[in-house]
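Structure first, commentary second.
The values are calculated or read from the model by the stated rules, or taken from the named source; none is laboratory data. Remember, predicted model here, so these are calculated numbers, not experimental data. Cβ placement follows ideal geometry from the backbone for every residue including glycine, while neighbour counts extend to all protein chains displayed. Surface areas here come from the heavy atoms of the whole protein model, side chains and all, with no ligands, DNA or RNA. Shrake-Rupley method; radii C 1.70, N 1.55, O 1.52, S 1.80 Å.
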Amino acid sequence: MKVRDMSLEYFMNQFRKRYFLLIPAICMVLFFCTACAYSDYVPASESQPYSKVENAYADKMEIDHNDSNIYKRTVVGTLKYIDDGDKAGLKKMLCKGLLDMKDTDSEIDALLDGFKGDIKDTTYISGDLGARTTAQWSKTEAVACYESDFYVYTDKETYYVKLDMCSVNDREADGKDSVGVTRLQVMTLDKKYGMKVESGYKDGSTEYTDKYIFGDGTTKDAQTKIVGVSPCNIFSDYGSSDGYEVLNTSKGWDDNDVWKPTGTKDSISMEDLKKIDYTDEKAVREVFNSMEQYATTEDDTHCRLYNLKDSDKKVHVYSDNYGDGDEGYRVKFVQIIDISELYEEQDREYIYNYKDK
């Protein structure tokens, strides 16, 4: 009788034979189940503010697709050059496709000339998992692109920054020209508040013009060129962030919005909040529609903030509808939130949560 080899190698070989084909299938199931909600499970350690990111890239030539923290290191390397007003350094981070565009040089000058102050920190910058778009789940793919945005705090101003980049593109004929920063947009909060974009892209376009309609009513045309799979452009637009705030009202690291404080003195007490019958939508609307909000957000009418009486904290209300619509709409939650803290340090107290029913 033949004696079986019971070594570790034997078991590993058997495992590979039986389950090798099953593993990719399981991974695909996990992908489709979770892809639309990655911000729910990205660990806090994967997203970090500027001050916590290490080993920043100084040149796009340093980018290795097999590295970790590719997006954050690209962002911080780019911001360091902006902070220093270093045009030659900043150009090292931009992809060749963007550098070859005719307006890039003048746009870099405008970006650096208008950027005020020294960078103190940023809101959380996405980890690779959260930012990756193309080849989202594999570092062995021929293309990998990353897209995200964040806010930058200097000692003089607050800025919104949109930064996209590509770490590898071996698929398209011009793919290597897209490695580095492909899109860089910097603006003050008055521009970002309520901003809309009218895209000039049409099927088959490789060059087109996007029209940006800013919150202060001004507009700007941004020349865009597709290199590889990446739309490339660079621009800045500066006004003033005075009178605006960047607030995180959720538990997600990236759920930051520009809010405009109203200056209202209206407030509601904790006692009165607890008296409300949150199953009676009409009663809820009467209470919250009778008060002016602490601040208004860019475009999300579902989320509201109110002053809490005798407190620096705010009342955060999320509802499907505040108007006279379908009576089936209901308030989702009411909570007390300290908006001065980063999301993971916020002490939240729920007054009402529909999940508790």
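Would you confirm whether any residue within the stretch 115-138 is more than 15 Å from Ile70 (Cβ to Cβ) and touching a Lys or Arg at 6+ places or on another chain (Cβ under 6 Å)? Taking every residue of the stretch 115-138 in turn, at least one turns out to be more than 15 Å from Ile70 (Cβ to Cβ) and touching a Lys or Arg at 6+ places or on another chain (Cβ under 6 Å).
Inspect the stretch 250-259 for any residue being more than 30 Å from Gly130 (Cβ to Cβ), open to solvent by less than 60 Å² (accessible area, probe 1.4 Å) and either of a type outside the set (A, V, I, L, M) or over 21 Å from the mean Cα position of the chain (by Cα) (or both) and give the result as yes or no. No.
The residues of the stretch 47-69 that are touching a residue at least 60 places away in the same chain (Cβ under 8 Å), surrounded by fewer than 19 Cβ atoms within 10 Å (Cβ to Cβ) and assigned to a helix (DSSP H, G or I) amount to a single one, Ser51. Answer yes if at least one residue in the stretch 157-169 is in contact with a helix residue (DSSP H, G or I) (Cβ under 9 Å, 6 or more places away or on another chain), over 24 Å from Asp221 (Cα atoms) and β-branched (Val, Ile, Thr), and no otherwise. Among the residues of the stretch 157-169, at least one is in contact with a helix residue (DSSP H, G or I) (Cβ under 9 Å, 6 or more places away or on another chain), over 24 Å from Asp221 (Cα atoms) and β-branched (Val, Ile, Thr), which makes the answer yes. State yes or no: is Ser311 at pLDDT 90 or above, among the small types (Gly, Ala, Ser) and farther than 28 Å from Asp190 by Cβ? Considered against the rule, which asks whether it is at pLDDT 90 or above, among the small types (Gly, Ala, Ser) and farther than 28 Å from Asp190 by Cβ, Ser311 comes out as yes. With a requirement of 2 or more residues that are of a type outside the set (Asp, Glu), open to solvent by less than 50 Å² (accessible area, probe 1.4 Å) and closer than 18 Å to Ile125 by Cα, the strands (runs of 3 or more DSSP E) lying completely within the stretch 161-216 that satisfy it span 180-188.
Considered as a group, the residues in the stretch 260-289 that are polar (S, T, N, Q) and either open to solvent by 30 Å² or more (accessible area, probe 1.4 Å) or without any contact (Cβ under 8 Å) to a residue 40 or more places away in the chain (or both) include one that is farthest from Lys314 (Cα to Cα), and that residue is Thr279. Output the residues belonging to the stretch 224-254 that are closer than 30 Å to Arg348 by Cβ and in contact with a strand residue (DSSP E or B) (Cβ under 6 Å, 6 or more places away or on another chain). Result: Ser241, Tyr244, Glu245, Val246, Leu247, Asn248, Thr249.
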